[in-house]
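Encoded as structure tokens, the structure appears first; notes follow it.
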Amino acid sequence: MSSEQSVLADIADVVDSLHKTPSYTDQGYPMVRVTDVKYGELQLQGCLKVDEHTFNEFSRRYTPKQGDIIITRVGTYGITARVINTVFCLGQNTAAIIPHSINARYLYAALNSAQLRYQIDGSAVGSTQKTLSLKCINALQIPRLGELQEAEVAELIGSLDDRITLLRETNATLEAIAQALFKSWFVDFDPVRAKMEGRAPEGMDEATAALFPSTFSDTPQGPVPGGWSMEPLSDVMDFKEGPGIRNWQYTNSDEGTRFINIRCIQDGDLTIETANRISNEEANGKYAHFHLAPWDVVVSTSGTLGRSAIVREEHLPLMLNTSVIRFRPVTGRTVFSFLYQYLNGGEFLYKLESMASGSVQKNFGPMHLKQIQLICPTFPVLEAYEDLCRPLYEKIIANRTQAQTLATLRDTLLPRLISGQLRLPELSEHISA
């Protein structure tokens, strides 16, 4: 086991961001804020933007380059991301770590090990909102293994991270395909408009095209394809709100049943490893009808409204709790793929925001959902959409399961590798593709 360590300040430069909030613009350059920093490659697609003048002002201290590491300092502190795309500026409460005397990929792995997490948690200060100072970041003790072994660790952990990233990118592509088809069929009504103009709908066989009407009907909500109808959400989707399990009901037993809250819904998936539990007796007794099933869709109803995730087989047994609503298709009225895309679409999310109540933190519940109406296609059209999109979601679910397996392997191996307890030749059987 290695006992060598380096102070971070000796092997990397740490650069702080400006301590002020700028004005944001619709167009311009990405600004990375605390909420944009997540484990893995730094993603810029969802960043807020600033104009050129602000970008130049916030870039005076730091010019990004590949291999740099961005770390959060306030609130959700100590989260890191690797810089790949370099056109951005740092927002407040973030800092950049610029490796210069260490393998950058190894340093990133070390910063995400249990040893460094312990140091980071012990360094953060503040009673209301924890803050990680630059002094504390510079003082972090980085385990050292020697150049060759650090390169091996970087290659292994990096390969696992890269495989996880590829699976997530594949899922984003599959999701985009299902989303584009949903928009074409059920928002823009492209097949209906094509038939009205005497054209064959693009990319569609004759049998599927025949399912679509060639006219629109007027309704108080606007034109609707002929034969389709405006339906209450409650007629086509079965939804149930969590029961509001209280702290005193929690159990410390690992044999209890987990239940989710809004914190479990992250980046389109469920993170349940740290979810609280109640006794199996209660879970299977008075709360039995709150159990979740594979392919249920859960949606957050408080705070950031409308975050959603699909329940997977490996999540079970799992239950609902407060601030989460479970959705299932009503048999013969809708299908999973249509339900999921509708719940993630702009129209539904807009309705949630406009209808939600609460001055400090907005909330919505079943009473709001019962007021929503949606355009409901004929069931044969929905079945055709399901036939095309269900295989995409099955692949997405399989990829998420594989990504979770790889992440668990990485998190299991990392502390032993960083401490020098485990060497790469011992791992060949674990990482064969």
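Brief remarks follow.
- Take the chain with all the other protein chains still there, run a 1.4 Å probe, and you get 49 Å² of accessible area per residue.
- Rounded to 5, percent antiparallel among DSSP beta bridges of the chain: 90
- Computed helical MRE - 222 nm, the chain, DSSP H runs ≥ 4 contributing -39500 (n - 2.57), nearest 500: -10500 deg cm²/dmol
- Considering only Cα atoms, the convex hull volume of region 76-166 works out to 123 Å³ per residue.
- When you restrict to C-alpha pairs under 8 Å that are six or more residues apart and normalise by the size of region 236-314, the relative contact order lands at 29 percent.
- The overall shape of region 171-232 is oblate: from the C-alpha gyration tensor, with semi-axes ordered a ≥ b ≥ c, the ratio a/c is 1.5 or greater and a/b is no larger than b/c.
- Formal net charge of residues neighbouring GLU347 (Cβ-Cβ distance under 15 Å; K, R +1; D, E -1): -1
- Both numbers refer to the Cα atoms of region 1-128; Rg and Dmax are 14.9, 52 Å.
- Shape category assigned to region 247-352 from the gyration tensor of Cα positions, a/c cut at 1.5: prolate
- Taking amide H positions as modeled 1.01 Å from N, with prolines and chain starts lacking one, the residues under 5 Å from ARG307 and 5 or more places away or on another chain are SER300.
- Hull-based mean projected area of the chain, where the convex hull spans the alpha carbons, in square nanometres: 25.2
- Comparing ASN276, ASN261, ASN252 in a Gaussian network model of the chain (Cα springs below 10 Å), the most mobile by mean-square fluctuation is ASN252.
- Residue-count net charge about ASP190 - beta-carbon cut-off 9 Å; Lys, Arg +1, Asp, Glu -1: 0
- Once you reduce region 242-277 and region 189-234 to the center of their Cα atoms, the two points are 42 Å from each other.
- Estimated distance in nm for a label pair at ASN363 and ALA124, the labels positioned 7 Å out from Cα along Cα-to-Cβ: 2.6
- Kirkwood-type hydrodynamic radius, region 207-284: 17.1 Å, calculated from all non-identical alpha-carbon pairs.
- The chain - percent relative contact order, Cα under 8 Å, separation 6 or more: 15
- For region 1-62: rounded, prolate or oblate by the Cα gyration tensor [a/c cutoff 1.5]: prolate
- Radius of gyration, Dmax [region 200-240; alpha carbons; angstrom]: 13.8, 41
- Value of relative contact order over region 136-285, rounded to a whole percent, pairs C-alpha under 8 Å and six or more apart: 11
- Estimated FRET transfer efficiency (LEU388, THR408; beta-carbon r; R0 35 Å; 0.05): 0.60
- In plain terms, the chain is cut at each of the GluC sites (Glu not before Pro) found in a DSSP loop with at most 16 other Cβ atoms within 10 Å, and the longest leftover piece is 5-196.
- Whole-percent P(r), region 153-201, all Cα pairs, 10 Å bins from 0: 24, 25, 19, 15, 11, 5, 0.
- Relative to the 2.2 N^0.38 Å rule of thumb, region 41-109 has a C-alpha radius of gyration ratio of 1.11.
- Overall, the accessible surface of the chain at a probe of 1.4 angstrom is composed of carbon and sulfur to the extent of 50 percent.
- Other residues whose C-beta falls under 12 angstrom from the C-beta of VAL335 contribute a net charge of 0, scoring Lys and Arg +1 and Asp and Glu -1.
The values are calculated or read from the model by the stated rules, or taken from the named source; none is laboratory data. Bear in mind that the values here come from a model prediction, so they are computed numbers and not experimental data. Don't worry about glycine lacking a Cβ; one is built from the backbone with ideal geometry, like all the others, and counts go over all protein chains shown. Surface accessibility is based on the protein's heavy atoms, side chains included, excluding ligands, DNA and RNA. Shrake-Rupley method; radii C 1.70, N 1.55, O 1.52, S 1.80 Å.
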